[in-house]
Amino acid sequence: MAICPKNKSSKARRDKRRSPNYKMKAPTLVKCSHCGALSEPHKVCKACGYYNKKSVVAVED
Ligand SMILES: [Zn+2]
């Protein structure tokens, strides 16, 4: 037997369920442990190329 909804979802309810998934949001920023610049967590610092206290990417000027 298939699961069957008892009441029909209105267009407003249905569309509200789908709506907030494409919203833009401000990225979370943390201070780099090496240079103090703001960068996203779990990503290489864009200013100095450091990640986990080591230089992993050479930063060109
Ligand atoms: Zn840095």
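The values are calculated or read from the model by the stated rules, or taken from the named source; none is laboratory data. This structure is a prediction, so every number in the text was calculated from the model and none was measured. Neighbour counts run over all protein chains shown; Cβ positions are idealised from the backbone, glycine included. Ligands, DNA and RNA are excluded from the accessible area calculation, which covers all protein heavy atoms including side chains. Shrake-Rupley method; radii C 1.70, N 1.55, O 1.52, S 1.80 Å.
In segment 1-32, the qualifying residues are those that are under 30 Å from Lys53 (Cβ atoms) and part of a loop (DSSP other than H, G, I, E, B), and the one that is least open to solvent (accessible area, probe 1.4 Å) is Cys32. Filtered by the rule that a residue be of a type in the set (Gly, Ala, Ser) and part of a loop (DSSP other than H, G, I, E, B), segment 33-52 gives Ser33, Gly36, Ala37, Ala47, Gly49. Applying the condition of being of a type in the set (S, T, N, Q) and surrounded by 13 or more Cβ atoms within 10 Å (Cβ to Cβ) to segment 34-61 and asking which residue is modelled with the lowest pLDDT yields Ser55.
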